Amino acid sequence: MNTAYRVWDGEQMHYWDEDHLSLTIKNDGSWLLWHSSGGGCVVSSDDDEAALMKGTDQFDIWKDEHEEEARIYARDIVRQDETELGSPYGSGKFIGEVKMIDGSWCIVNEKNEECRPLFSETATNQVIGDVYRNPELLEGAE
């Protein structure tokens, strides 16, 4: 299984499998996203606004522009809709940021001090943004 990554460079998101981009992650935790066609460094862990995000094993319920399943990444803002009546999480929608907590992918709503597992057999997940391009989505999250 390939691990998926994406990188925020302070202005735009880059994905690990884009043409002509390569990601190098070193043992010390530093990383470098570079043009494999000779274009040099795009962004690295040394850049203040840069962030490396790992992909989860979960996918958005909607297809992306290429009609492929869209992977959910850390720092995505997700709306989870519970479909089972009587669920311990109640019914309706839950909005929060995707984070790894104690080895499990979770959706965290800090405003309500609530955390739910990203994986659910009875709920659907939809990516509605990310913390870099859409931080306002978390401000109004109930």
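Here is how the numbers come out for the structure above:
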quantity	calculated
Candidates Gly90, Gly96, filtered to the one that is modelled with pLDDT under 95 and within 20 Å of Glu121 (Cα to Cα)	Gly90
Criterion violated by Ala141 - all others in (1) surrounded by fewer than 16 Cβ atoms within 10 Å (Cβ to Cβ); (2) at pLDDT below 85; (3) not polar (S, T, N, Q) satisfied	(1)
Any chance Gly40 is in contact (Cβ under 8 Å) with a residue 12 or more places away in the chain and exposed (fewer than 10 other Cβ atoms within 10 Å of the Cβ)	no
Set Asp76, Asp64: member being closer than 16 Å to Tyr15 by Cβ and modelled with pLDDT under 90	Asp64
Residue match in segment 125-135 (condition: farther than 25 Å from Tyr5 by Cα, at pLDDT below 95 and surrounded by 13 or more Cβ atoms within 10 Å (Cβ to Cβ))	no
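The values are calculated or read from the model by the stated rules, or taken from the named source; none is laboratory data. Since the model is a prediction, treat every value here as computed from it, not as a measurement. Here Cβ is always computed from backbone atoms with ideal geometry, including for glycine, and neighbour counts include all displayed protein chains.
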